[in-house]
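Let me begin by presenting the structure, written as C-alpha cells, before commenting on it.
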Amino acid sequence: MKIIDFHTHIFPDSLATRAIAALMENAPGTKACTDGTCGGLLKSMRASGVTQSVLLPIATKPSQVQTINSGCTALMSPTCIPFGTLHPDMSGIEDEVQRLVSFGVKGVKLHPEYQYFYIDDPKCFPLYDALSNAGLIVVLHAGKDPGPFTCDHALPHALATVAKKFPKLKIVAAHLGGWQVWNEVENLLSDLPMYFDTASVRDFLPKEDFMRIVRKQGVEKILFGTDSPWYDQAQDIQWIDGLRFSSLEKEKIFFQNAEKLLNNTL
C-alpha cells in the first residue's frame, strides 16, 4: 500500500547535527530517530515503506523565508514533496506566495511557537488571505509543544476562529488538531472543514481516544504524519495499522486523503 507521510522535517547536512542537538536540549526527553538530513529521511522511508514525505521547513525569522523557499526546488523529487515557509512579520507576503506557486510548491508550514505569533492575531490575516487566494495548503503546528514555549499560540479556539474567518483556506492542524489539548479539539474543531495529521500522537493519546477523535472529525480528513525525525516512521505505521480501522479507512489515512489534498481534487 502507498504511504504518504505528511509531516516530516529535515535540515541542511551542514546544520543537521547542531540543529538536532539544540532541539533535543530544548525539549528534554525528545530523541531523534534519524540524523535529521534528507539522506537520513530517505533511509527511514526505504526501511519503513513510506512512499513519499512532505517536508515542512520553518523560518524562525522573516529574513530566512526567501532563502529557505529558494531551496524548495532542489528538494523536489518523486519521493520528497517540499513545502515552503512564510512568517507573519515579513513584508511582500503576496509576492512570496506567488513565487512558491511558480516553484510548484503545494503549501507552507507555520509554527506559531517557534515563530512567536498567535494564529488568530489580525496581523496574520493577510497571510491567510494570500494562501487562500492561491489555493495553497497551510500546515499549522497546533496545541502545546514540548519545547520551552508558552504553548498558547495555536489553541483550538484560535484555530476555530481562523477556520471560520477563512472558509476556503486549506488548513492542516498538526498533532490531531492540538497536541495535548485533545478535549478542546473534540469540543471546538470537529465540525470545521480542516484536516488533522497524526504526528506526535502515538505516545500521548490512548488508542480509543484517538479513534474517537478521528471518527468525529471524519476519516476523510485525517492525514498520516510522523514528525520525523522525532518519531520513527515504521513504528507509527505499525501503530496506525494496528487500530480497528477498515482497510478502506486505512488507505484514506495513509495516502488517499493526502493525494486528494495535494492534487486539489477534493
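The values are calculated or read from the model by the stated rules, or taken from the named source; none is laboratory data. The shown structure was predicted, so the numbers you read here are calculated from the model rather than taken from an experiment. Backbone-built Cβ (ideal geometry, glycine too); neighbour counts: all protein chains shown.
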Which numbered condition in (1) closer than 22 Å to residue 174 by Cα; (2) without any contact (Cβ under 8 Å) to a residue 60 or more places away in the chain; (3) acidic (Asp, Glu) is the only one that residue 13 fails?
(1)
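Right, residue 59: over 23 Å from residue 198 (Cβ atoms) and assigned to a helix (DSSP H, G or I) or not? First the steps, then the outcome.
Values: over 23 Å from residue 198 (Cβ atoms): yes; assigned to a helix (DSSP H, G or I): no.
So residue 59 fails the test.
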Select from the stretch 207-264 the residues that are closer than 22 Å to residue 109 by Cβ and among the hydroxyl-bearing types (Ser, Thr, Tyr) and write down the one among them that is farthest from the chain's Cα centre (by Cα).
231
Do you know which residues across the stretch 70-99 are farther than 18 Å from residue 9 by Cβ and touching a helix residue (DSSP H, G or I) at 6+ places or on another chain (Cβ under 8 Å)?
73, 88, 89, 90, 91, 93, 94, 96, 97, 98, 99
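Could you grab me the full set of residues in the stretch 134-155 that are of a type in the set (Val, Ile, Thr) and at pLDDT 95 or above? Break it down into steps so the answer makes sense when it comes.
Here is the first cut: in the stretch 134-155, the residues of a type in the set (Val, Ile, Thr) are 137-139, 150.
If the condition is that a residue be of a type in the set (Val, Ile, Thr) and at pLDDT 95 or above, then 137, 138, 139 are the ones that fit.
Results for (1) touching a residue at least 24 places away in the same chain (Cβ under 8 Å); (2) surrounded by 17 or more Cβ atoms within 10 Å (Cβ to Cβ); (3) touching a Phe, Trp or Tyr at 6+ places or on another chain (Cβ under 8 Å), shown as yes or no for each residue.
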residue	(1), (2), (3)
65	yes, yes, no
83	yes, yes, no
89	yes, no, yes
93	yes, yes, no
96	yes, yes, no
100	yes, yes, no
116	yes, no, no
122	no, no, no
Specify the residue that is nearest to residue 147 (Cα to Cα); the eligible residues are those in the stretch 18-59 that are at pLDDT 95 or above and among the polar types (S, T, N, Q).
34
Can you tell me which residue in the stretch 212-266 is nearest to residue 185 (Cα to Cα), limited to those that are at pLDDT below 95 and in contact with a helix residue (DSSP H, G or I) (Cβ under 9 Å, 6 or more places away or on another chain)?
266
Please return the ranges of helices (runs of 4 or more DSSP H) entirely within the stretch 73-139 where 3 or more residues are over 19 Å from the mean Cα position of the chain (by Cα).
93-103, 125-134
